[in-house]
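Trainee: After the structure tokens below, expect a handful of questions from me.
The values are calculated or read from the model by the stated rules, or taken from the named source; none is laboratory data. Predicted model, so just to flag it, every value in this text is computed and none were measured. Every residue, glycine as well, gets a Cβ built from its backbone with ideal geometry; the counts of neighbours run over all protein chains shown. Side chains included, ligands, DNA and RNA excluded: accessible areas come from the protein's heavy atoms. Shrake-Rupley method; radii C 1.70, N 1.55, O 1.52, S 1.80 Å.
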Amino acid sequence: MGALLKNEWIKLWNKKQTWFFLGAIVIIMIGLTFIYQSFIADSTNQGEGEWTIELETEISEQEEILESGTDEEWMEAQAEQTIQENEELLEAGINPNEMNNMIFMNETVLSVASFITLFTVIVASSIVSSEIDNGTMKHLLIRPYERWQVLLSKFITVVAFSIVMMVTLILTNILMGTIFFGTGSYSSQVMEMSFHGGPLYTTVANIFPAKIGLYFLNMLMFVIISFSLSILFKSQTLAVGISIFILFSTSVLQGFSLLLADTAWYKFIFLPHLDLPAYAVVDEIMPGVGIGFSLTILAIYAIAFIGASGIYFQKKDLM
Amino acid sequence: MSDTVMEVKGLTKQVSGKKRIVHDASFVMNKGEILGLLGPNGAGKTTTIRMIVGLINKTEGKVFINGADLDKEGLACKSDIGAIVENPSFYDYMSGYKNLQLYARMSKNPITKERMDEVVELVKLSHAIQDKVKKYSLGMKQRLGVAQAILHKPALLILDEPTNGLDPKGIRELRDYLRQLANQGISTLVSSHLLSEMQLMCDRVVIMEKGKIIDVSNISSLSENGNSDKLIVSIEVKKEHLQQTEQVIKMVDGVSIVKQENDHMFILEMNQNLVPTLNRKLVEAEVDVYGIESKKTSLEDKFLALTSEDNVQMKEGQ
Ligand SMILES: Nc1ncnc2c1ncn2[C@@H]1O[C@H](COP(=O)(O)OP(=O)(O)O)[C@@H](O)[C@H]1O
Ligand SMILES: [Mg+2]
């Protein structure tokens with residue numbers, strides 16, 4: 001089994017594609033830093049205490065709008081929201097414009113991580129199908145190993161590759177963040193917005209590990225789905241295509257979650273649960289659906305996918 | 001210790017549509033023997049090999065490697081086998097040497113660097129072994145295929161059409177080192193659709209046609225003046241009497257139909273002394289016989305008789 005793992009790892013890193021993916025993560029992260037910096041450059045580096053004045057000024061501006069009265073309802077609503085947010089920020093003592101490498105990391109890592117998911121899904125769906133496609137699988141399966149061992153070694157390799165990309169991303173991120181925004185405390189205070197609920201005031205130390213951990217589990221689920229499905233296909237192109245389709249359609253379909261949340265069966269399919277990072281901020285993604293429930297549902301699907309594809313591969317005729 | 005390296009019993013593969021692409025194949029391989037698996041394209045050679053190496057499931061039948069049942073001691077059996085199945089495929093983004101290292105690592109007994117070099121030398125790839133496989137010709141891939149198959153010194157070597165893509169010199173070298181391996185006690189099952197190659201390379205051949213093993217012949221006894229008393233008989237009858245003819249043939253013990261040709265001919269295999277009996281039976285059954293022709297069996301005749309139809313089809317298809 002050790003030999004199989006080592007072989008898979010060697011094969012992976014002998015492919016140009018692998019290095020391309022890793023390089024792309026680094027370059028995208030660097031690019032994002034520049035874009036980010038150009039947007040916030042003007043509002044950083046204020047003097048001590050200036051930010052409170054700025055927030056208070058904004059509050060009084062909005063209050064004037066409310067007093068003078070407008071015809072537009074949305075303007076009123078927005079003014080009220082801004083006032084509330086600013087008051088909460090003042091109360092929590094969070095400078096919304098403060099920036100350092102830790103806050104930068106907390107805000108940007110996950111947006112680049114979507115590329116890691118994409119690349120990992122591509123590797124996961126091609127690592128078996130490519131070998132069936134180009135005929136090398138038969139050389140593996142005539143060796144004295146069980147077929148499930150071959151599969152397992154490939155699966156572990158994919159997961160290990162995703163971890164390498166994650167670590168590379170975080171290291172690049174910290175490096176860029178430090179160069180551009182200086183060092184900051186790991187317990188810097190931050191505000192988290194969420195699709196499912198209001199803003200949450202917390203620290204990087206509290207939220208970042210949860211976000212990354214949940215993101216990783218979410219990605220693992222995509223890996224399991226694409227890896228399992230790819231075993232059914234002889235063609236690498238088809239396997240990769242279908243996996244990427246599933247990856248993208250998942251987020252599109254999740255847009256309909258609000259419409260479907262009331263139906264009894266919706267929470268039992270895996271789709272709405274493939275949004276685990278949301279749990280870093282909220283307790284429930286749908287009424288009555290918490291992290292325990294989501295993880296249970298995903299685990300059941302994961303076992304079903306792995307079991308079905310494993311049994312299929314174990315018995316498959318390799319023509 | 002037994003001298004049998006492999007025993008194949010009643011091997012059958014049925015694919016969807018109830019089609020049997022290998023039907024009841026049985027043969028035995030002895031230690032140090034080079035056994036040919038000869039048959040035209042589509043005969044079922046590769047399918048037979050795939051079942052032996054466990055790439056596809058057997059529908060029926062048993063395979064024993066060094067006495068061990070493939071179904072029960074699969075891993076032990078696989079340890080004893082080295083194989084090329086159909087076209088040799090490699091990771092073409094890696095060098096030949098790196099490819100070999102992968103396979104060396106998968107062996108149950110460790111393979112030294114000296115052994116690697118020895119094998120590379122044997123298949124005459126030393127000059128190109130550090131090049132990416134992408135750059136290899138088919139012949140070079142075949143050599144690399146042989147290298148990965150013999151790396152772990154298997155007791156049984158299985159080579160599916162290893163001469164594909166090899167030039168005459170390469171074929172000759174292959175022949176030489178298979179003989180060398182045989183002298184060391186390693187047995188080789190080698191498939192081919194070319195009789196001339198098999199005759200030079202093998203000790204015995206198993207002839208396969210349409211999924212069935214139709215003959216097992218000893219090469220030396222089948223040389224031109226072989227003393228086999230089996231005959232290949234072609235018999236030409238009136239079209240309308242074809243079915244009756246078949247019934248009659250089946251009634252005579254010791255006569256087997258090799259194949260039916262066109263719509264008025266049968267190619268049979270039988271003892272010489274049965275020819276008059278068959279003739280008499282056909283007359284009794286009122287079959288109009290236009291001709292009976294017979295000749296001594298030689299491997300060549302038999303094989304050509306078997307494949308002539310395919311040749312005709314191929315030419316028509318072009
Ligand atoms: N999966 C399959 N389903 C149906 N028929 C098949 C399958 N694989 C092979 N065959 C058929 O079985 C026959 C034997 O094929 P094969 O063993 O590759 O022959 P050979 O190696 O002797 O040329 C061929 O006619 C081929 O078309
Ligand atoms: Mg073949």
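Trainee: Is it fair to say A:L276 is of a type in the set (A, V, I, L, M, F, W, C), surrounded by fewer than 18 Cβ atoms within 10 Å (Cβ to Cβ) and either under 19 Å from A:E192 (Cβ atoms) or more than 21 Å from the chain's Cα centre (by Cα) (or both)?
Mentor: Answer is no for this residue.
Trainee: Residue by residue through region B:1-18, note down the ones that are of a type in the set (G, A, S) and open to solvent by 60 Å² or more (accessible area, probe 1.4 Å).
Mentor: Passing the criteria: B:S2, B:S16, B:G17.
Trainee: Collect the residues in region B:1-53 that are more than 17 Å from B:V205 (Cβ to Cβ) and of a type in the set (K, R), keeping them in residue-number order.
Mentor: B:K9, B:K13, B:K18, B:K19, B:R20, B:K31, B:R50
Trainee: Same structure again: Determine whether region A:282-293 contains at least one residue that is open to solvent by 20 Å² or more (accessible area, probe 1.4 Å), among the small types (G, A, S) and at pLDDT 90 or above.
Mentor: Yes, there is a match, as at least one residue in region A:282-293 is open to solvent by 20 Å² or more (accessible area, probe 1.4 Å), among the small types (G, A, S) and at pLDDT 90 or above.
Trainee: Can you find even one residue in region A:201-208 that is more than 15 Å from A:M105 (Cβ to Cβ), of a type in the set (A, V, I, L, M) and assigned by TED's automatic domain parsing to the domain that holds A:S126?
Mentor: No, the conditions are met nowhere in region A:201-208.
Trainee: Which one of B:V22, B:V8 is outside any loop (DSSP other than H, G, I, E, B) and either closer than 18 Å to B:T188 by Cα or modelled with pLDDT of 95 or more (or both)?
Mentor: The match here is B:V8.
Trainee: Give me the pairs, please: first residue somewhere in region B:157-183 and away from every other protein chain (no Cβ under 14 Å) and β-branched (V, I, T), second residue anywhere and assigned to a helix (DSSP H, G or I) and more than 16 Å from ligand 1 (Cβ to nearest atom), beta-carbon distance under 6 Å, and either six or more positions apart or on two chains.
Mentor: Hits for this filter: B:T163/B:I171.
Trainee: Among (1) in a helix (DSSP H, G or I); (2) in contact with a strand residue (DSSP E or B) (Cβ under 7 Å, 6 or more places away or on another chain), there is one condition A:G177 misses while meeting the rest; what is its number?
Mentor: Of (1) in a helix (DSSP H, G or I); (2) in contact with a strand residue (DSSP E or B) (Cβ under 7 Å, 6 or more places away or on another chain), only one is false for A:G177: (2).
Trainee: For region B:39-78, which residues satisfy the criterion of being of a type in the set (A, V, I, L, M), within 16 Å of ligand 2 (Cβ to nearest atom) and not in a loop (DSSP other than H, G, I, E, B)?
Mentor: Of everything in region B:39-78, those that are of a type in the set (A, V, I, L, M), within 16 Å of ligand 2 (Cβ to nearest atom) and not in a loop (DSSP other than H, G, I, E, B) turn out to be B:I49, B:M51, B:I52.
Trainee: What tally of residues in region A:270-308 results from selecting those that are closer than 30 Å to A:L152 by Cβ and touching a helix residue (DSSP H, G or I) at 6+ places or on another chain (Cβ under 8 Å)?
Mentor: 20
Trainee: All but one of (1) open to solvent by 30 Å² or more (accessible area, probe 1.4 Å); (2) out of contact with any Ser or Thr (no Cβ under 6 Å at 6 or more places or on another chain) hold for B:M51; state the number of the condition that does not hold.
Mentor: Going through the list (1) open to solvent by 30 Å² or more (accessible area, probe 1.4 Å); (2) out of contact with any Ser or Thr (no Cβ under 6 Å at 6 or more places or on another chain), B:M51 breaks only (1).
Trainee: In addition: Would you kindly identify the helices (runs of 4 or more DSSP H) lying entirely within region A:100-145 that contain at least 2 residues that are modelled with pLDDT under 95 and within 21 Å of B:A104 (Cα to Cα)?
Mentor: A:129-133, A:137-141
Trainee: Please specify each residue of region B:134-184 satisfying the condition of being more than 16 Å from ligand 1 (Cβ to nearest atom) and among the acidic types (D, E).
Mentor: B:D167, B:E173, B:D176
Trainee: Hey, another quick one. Answer with yes or no whether A:K154 is within 14 Å of another protein chain (Cβ to nearest Cβ), in a helix (DSSP H, G or I) and in contact with a Leu (Cβ under 7 Å, 6 or more places away or on another chain).
Mentor: Spelling it out, it is not the case that A:K154 is within 14 Å of another protein chain (Cβ to nearest Cβ), in a helix (DSSP H, G or I) and in contact with a Leu (Cβ under 7 Å, 6 or more places away or on another chain).
Trainee: Please verify whether A:K234 is farther than 22 Å from A:I300 by Cα and touching a Pro at 6+ places or on another chain (Cβ under 7 Å), treating the condition exactly as stated.
Mentor: Taking the combined requirement at face value, the residue does not satisfy it.
Trainee: Here's something else I'd like to know. Of everything in region B:92-120, what is touching a residue at least 24 places away in the same chain (Cβ under 8 Å) and more than 23 Å from B:D80 (Cβ to Cβ)? Give them in sequence order.
Mentor: Scanning region B:92-120 gives B:D92, B:Y93, B:M94, B:S95, B:G96, B:Y97.
Trainee: Among B:S89, B:S107, which is the only one that is in the same structural domain as B:I158 (by TED's automatic domain parsing), within 16 Å of ligand 1 (Cβ to nearest atom) and either modelled with pLDDT of 95 or more or assigned to a loop (DSSP other than H, G, I, E, B) (or both)?
Mentor: Being in the same structural domain as B:I158 (by TED's automatic domain parsing), within 16 Å of ligand 1 (Cβ to nearest atom) and either modelled with pLDDT of 95 or more or assigned to a loop (DSSP other than H, G, I, E, B) (or both) holds for just one of B:S89, B:S107, which is B:S89.
Trainee: Related question: Within region A:120-137, can you find the residues that are open to solvent by 20 Å² or more (accessible area, probe 1.4 Å) and more than 14 Å from every other protein chain (Cβ to nearest Cβ)?
Mentor: Within region A:120-137, just A:I122 meets the criteria.
Trainee: Still on this structure, I have one more. So which helices (runs of 4 or more DSSP H) are wholly in region A:1-92 and hold at least 1 residues that are at pLDDT 80 or above?
Mentor: The qualifying helices (runs of 4 or more DSSP H) are A:2-13, A:16-40.
Trainee: Based on this model, can you work out whether B:V15 counts as within 11 Å of another protein chain (Cβ to nearest Cβ), within 16 Å of ligand 2 (Cβ to nearest atom) and without any contact (Cβ under 8 Å) to a residue 12 or more places away in the chain?
Mentor: Judged against the criteria, B:V15 is a match.
Trainee: Going by the conditions given, is B:G36 within 16 Å of ligand 2 (Cβ to nearest atom), under 27 Å from B:M140 (Cβ atoms) and either assigned by TED's automatic domain parsing to the domain that holds B:L200 or in contact with a strand residue (DSSP E or B) (Cβ under 8 Å, 6 or more places away or on another chain) (or both)?
Mentor: Criteria met by B:G36.
Trainee: Could you grab me the full set of residues in region B:19-44 that are within 14 Å of chain A (Cβ to nearest Cβ) and either away from ligand 1 (no atom under 13 Å from the Cβ) or crowded, with 21+ Cβ neighbours inside 10 Å (or both)?
Mentor: B:V22, B:G44
Trainee: Next question, about the same structure. Checking A:G182 against (1) loosely packed, with under 15 Cβ neighbours inside 10 Å; (2) within 12 Å of another protein chain (Cβ to nearest Cβ), which test does it fail?
Mentor: Against the list (1) loosely packed, with under 15 Cβ neighbours inside 10 Å; (2) within 12 Å of another protein chain (Cβ to nearest Cβ), A:G182 comes up short only on (2).
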